[in-house]
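Asks: Quick one: the structure is below, questions incoming.
The values are calculated or read from the model by the stated rules, or taken from the named source; none is laboratory data. Here the structure is a predicted model, which means the values were calculated and not measured. Virtual Cβ from ideal backbone geometry, glycine too; neighbours counted across all protein chains shown. Side chains are part of the model used for accessible areas, which takes the heavy atoms of the whole protein and leaves out ligands, DNA and RNA. Shrake-Rupley method; radii C 1.70, N 1.55, O 1.52, S 1.80 Å.
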Amino acid sequence: MKIGFIGLGRMGYNMVLNLLDNKQEVVAYNRSPEPVKKIAKYGAIPVYSLEELTKQLPKRKVIWIMVTSSAVDQIIKELLPLLSKQDIIIDGGNSFYKDSIRRYNFLKKKGIHFLDVGTSGGIEGARRNGCLMIGGDKVIFNYIEQIFKAIAQKEGYGYMGSTGSGHFVKMVHNGIEYGMVAAIDEGFEALKKYKDKFNIDLKEVSKVYAHGSIIDGKLTKWLYQSFTTKDYLKNISCVVPKGETEDEMKELTKLADMQILKESIKLREKSRNGLICAQMIAAMRNLWGGHKVNKK
């Protein structure tokens, strides 16, 4: 299937490479031209305007938007004059689910379809078989399912439900993630406290936790990577910079009883006030998603 792709940031660039690897034809656009020129070397069709992008697509256009949530409305506004009825827009970013419902209703009046897709797995998942949570009209999901199947790992994508469900499920996923990384960070702060008493090797602990323990998983493997990458942790401060999803997480705590999430948000905020050290959270976030860290 031929698909238009808007946004070649950390996630978007790697998703396009994933699509190309899996025999999908991609017309790629980005506000700044450098990533477009770079991705063209791997087989993407480079374009340098939205008008050029839509002209390269077939009669029924499928366009995947992968930009920051604050930029989605502007992209849609610029796309609208270039689209026709029955065209399809996919928002794969971290949009708030209520915004996705609003966008769906707005576009439906124009005869344009909209799917909200929660995307997980970090940069590594974007590049090689990640996880996709898809909301919207089932008939549209069915029509373009081959795209999702191509870039997600086996059993790693699914139709979540009606419009907004994809981003709602991803929002809850992010809330769980906040709690998990906070627990790992908290545990390693406890280990650090008694490190000298027992002569504990934290790198060795991270290795064992990441191989066969009950908490073995991607997060502990990224943690182990932070210990084994030379001088990596030496350059990362205790601060967790505010991310794109943090305000959304506060909204989630109003929608459901999520005490662990509340405490996880407080932990991040305390790190910015110098009250606690959350270096492990900062390290893991940086490794899975390239998120900003504060240098020591």
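Asks: Running a GNM on the chain with Cα contacts under 10 Å, which residue among Leu255, Leu17, Leu53 ends up with the highest mean-square fluctuation?
Replies: Of Leu255, Leu17, Leu53, the most mobile in the Gaussian network model is Leu255.
Asks: Let me ask something else. Which of the peptides 91-98, 179-186 is most tightly packed, and how do the rest follow, going by the mean number of other Cβ atoms within 10 Å of each residue?
Replies: Top of the packing list down: 91-98, 179-186.
Asks: If you don't mind, another one. Calculate one ³J(HN,Hα) per residue across segment 214-225 by plugging θ = phi - 60° into the Karplus curve 6.51 cos²θ - 1.76 cosθ + 1.60, and present them in order as whole Hz with x for glycine and proline.
Replies: With coefficients 6.51, -1.76 and 1.60, one gets 4, 9, 4, x, 4, 5, 5, 5, 5, 4, 4, 4 Hz.
Asks: How do His173, His211 rank by accessible surface area computed with a 1.4 Å probe, from largest to smallest?
Replies: His211, His173
Asks: List the residues, sorted by chain then number, that are 5 or more residues from Ile236 or on another chain and whose placed amide H is less than 5 Å from its amide H.
Replies: Lys296
Asks: Among Asp137, Asp196, Asp99, which one shows the highest mean-square fluctuation when the chain is modelled as a Gaussian network with alpha-carbon springs under 10 Å?
Replies: Result: Asp196 has the largest fluctuation of those listed.
Asks: Let me ask something additional. For the chain, which whole percent of the accessible surface, found with a 1.4 angstrom probe, sits on carbon and sulfur atoms?
Replies: Within the chain, the accessible surface is 53 percent carbon and sulfur.
Asks: Something else: Taking the Cα centre as origin and putting +1 on Lys and Arg beta-carbons and -1 on Asp and Glu beta-carbons, what dipole magnitude results for the chain, to the nearest 20 debye?
Replies: 460 debye
Asks: Any lysines with Cα under 19 Å of the Lys234 Cα? List them, leaving off those in the same chain fewer than 8 positions away.
Replies: Candidates past the 8-residue exclusion: Lys192, Lys193, Lys195, Lys203, Lys207, Lys221, Lys292, Lys295, Lys296.
Asks: Along segment 174-190, what does the Karplus equation 6.51 cos²θ - 1.76 cosθ + 1.60 (θ = phi - 60°) give for ³J(HN,Hα), rounded to whole Hz, x for Gly and Pro?
Replies: Karplus values, whole Hz, x for Gly and Pro: 5, x, 5, 4, 3, x, 5, 5, 5, 5, 5, 4, 4, x, 6, 5, 5.
Asks: Computed over the Cα atoms, what is the radius of gyration of the chain divided by 2.2 N^0.38 Å, N being its residue count?
Replies: So the Cα radius of gyration is 1.07 times the expected 2.2 N^0.38 Å.
Asks: Another question, if that's okay. Which of these, Tyr143, Tyr13, Tyr104, has the largest mean-square fluctuation under a Gaussian network model of the chain (Cα springs below 10 Å)?
Replies: Most flexible of the set in this elastic network: Tyr143.
Asks: Ratio to report: Rg/Rh of segment 169-214, with Cα atoms as the point set and Rh obtained by the Kirkwood method; give two decimals.
Replies: Taking Rg over the Kirkwood Rh, I get 1.11.
Asks: With θ set to phi - 60°, apply the Karplus curve 6.51 cos²θ - 1.76 cosθ + 1.60 along segment 57-73 and write out the HN-Hα couplings as whole Hz, x wherever there is a Gly or Pro.
Replies: Once θ is set to phi - 60°, the couplings for segment 57-73 become 9, x, 4, 9, 7, 10, 10, 9, 9, 10, 10, 4, 4, 5, 9, 5, 4 Hz.
Asks: Could you work out the percent of alpha carbon pairs in segment 1-118 separated by over 24 Å, rounded to a whole number?
Replies: 19 percent
Asks: Between Ile76, Phe114, Ile214, whose Cα lies farthest towards the positive end of the dipole of the chain when Lys and Arg beta carbons carry +1 and Asp and Glu beta carbons carry -1, centred on the Cα centre?
Replies: Ile76
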